[in-house]
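Derivation of every value follows stated rules applied to the coordinates shown; laboratory data play no part. Keep in mind that what you see is a predicted model, and the values were worked out from it rather than measured. For neighbour counting, all protein chains shown are included, and Cβ atoms are generated from backbone atoms with ideal geometry for every residue, glycine included.
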Amino acid sequence: MELHFDQIIDSLPILFDGIWVTLTFTLLSAVIGFIWGTVLSLIRISTIKPLVWFAMAYTSIFRGTPLLVQLFLIFFATPQLTGYSISPLEAGVLTFGLNSAAYIAEIIRGGILAVDKGQREAAVSLGIPYRKMMFSIILPQAFKTILPALVNESIALIKESSLVATIGVMDILRGAQVIQNATFLSFEPYIIAAAIYYVIVMILTTLARLLERRMRRSD
C-alpha cells in the first residue's frame, strides 16, 4: 500500500475553504431549524386544531421522507415550479433548515411537556400573559432539559451537510471530490475530509459540555 499525501498538499486550500462553507451552511440551517422548530412546537401544544394538524403533517412528511430526496426536490423542482433559479447553497440551507425544524419541534415539545405543570398554573394564577409565560418561564427551563438533544441534532446537521456536495456546493466533501478527480487519489483527500469533520464535531461537543456545566451551576 502506497500513500501519497505529498501529492495533495497544494490542493489542501480547497478543503480548508470548504470548512467555511460547511460552517456557514450549518449555522444558517441551524438558525432556521431552531426558529421554525420552536414555532412548530408551540403550534403542536396549542388548542387550534387546524394548526395542530398542519404541524403534525409537516413533521410526519419531513421525518418520513429521505433528506436527499427533499434536497433534490427543492433544488431541481423550484426553478420548474416558480421560475426562480435557486442557488445550490440556498437550496441546501432551505432544505436542511426545514428538515431540522421537524426534529427540533419534537425535541422542544418534549422539553415543554417535561416542565412541571405547576409552573404554568402558578403563572396563570399570577395573571402572567401566555406569551411572557412561555418565553420567560417555560422555554428557558425546557432548554436546559433538551440541550443534549439539540447538540446531537446540530452534530447530525454537520455530518449530513455533506449531502450538499451532490448539488455542487463546494463544501468539505466536494473539495475532497475535486482533489480526487485532479490527483486520482481517493484515500488521502477523503481521510483528511473525515478528520476535518471529526475535529468540527469534537469542538462543538466540547463547547456544548461547557455550556451545559455553566447552566447547571446557575441552577
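Karplus-derived 3J(HN,Hα) values for region 144-150, using 6.51 cos²θ - 1.76 cosθ + 1.60 with θ = phi - 60°, are 4, 6, 9, 3, x, 5, 5 Hz; glycine and proline are entered as x. Of Val178, Val31, Val124, the residue with the greatest mean-square motion in the GNM of the chain, using alpha carbon springs below 10 Å, is Val124. With K and R counted +1 and D and E -1, the other residues having a Cβ less than 12 Å from that of Ala208 yield a net charge of +1.
Placing dummy labels 7 Å off each Cα toward the beta-carbon, the span from Leu51 to Leu23 is 3.8 nm.
Could I get the Rg over Rh figure for region 119-219? Both from C-alpha atoms, Rh via Kirkwood, rounded to two places. All intermediate terms of the calculation are to be shown ahead of the outcome.
On the way: Rg = 21.2 Å, Rh = 16.9 Å.
Checking Rg against Rh, the ratio lands at 1.25.
Starting with the fewest neighbours, write out Thr59, Thr205 ranked by other beta-carbon atoms found within 10 Å of each beta-carbon.
Thr205, Thr59
By the rule of a C-alpha distance below 23 Å, with chain neighbours fewer than 8 residues away ignored, the lysines paired with Lys49 are Lys117, Lys132. In terms of other Cβ atoms within 10 Å, Arg63, Arg217, Arg174 run from fewest to most in the order Arg217, Arg63, Arg174.
Karplus-derived 3J(HN,Hα) values for region 108-113, using 6.51 cos²θ - 1.76 cosθ + 1.60 with θ = phi - 60°, are 5, 4, x, x, 5, 5 Hz; glycine and proline are entered as x. The C-alpha atoms of the chain define a longest principal axis, and helix 187-217 lies at about 20 degrees to it. Measuring r between the beta carbons of Leu67 and Ala114 and using R0 = 30 Å, the FRET efficiency lands at 0.65. Each Cα pair under 8 Å and six or more residues apart adds its separation to the average, and for the chain the resulting relative contact order is 31 percent.
Within 11 Å, Cβ to Cβ, of Met133, how many net charges do the neighbouring residues add up to if Lys/Arg are +1 and Asp/Glu are -1? Neighbourhood net charge equals +2.
Computing FRET efficiency as 1/(1 + (r/R0)^6) for Ala77 and Ser136, where r is the C-beta to C-beta distance and R0 is 41 Å, gives about 0.50.
Computed over the alpha-carbon atoms, region 59-108 gives an Rg to Rh ratio of 1.02, Rh here being the Kirkwood radius from the mean inverse distance.
The Rg/Rh ratio for the chain, using Cα coordinates for both the radius of gyration and the Kirkwood hydrodynamic radius, is 1.07.
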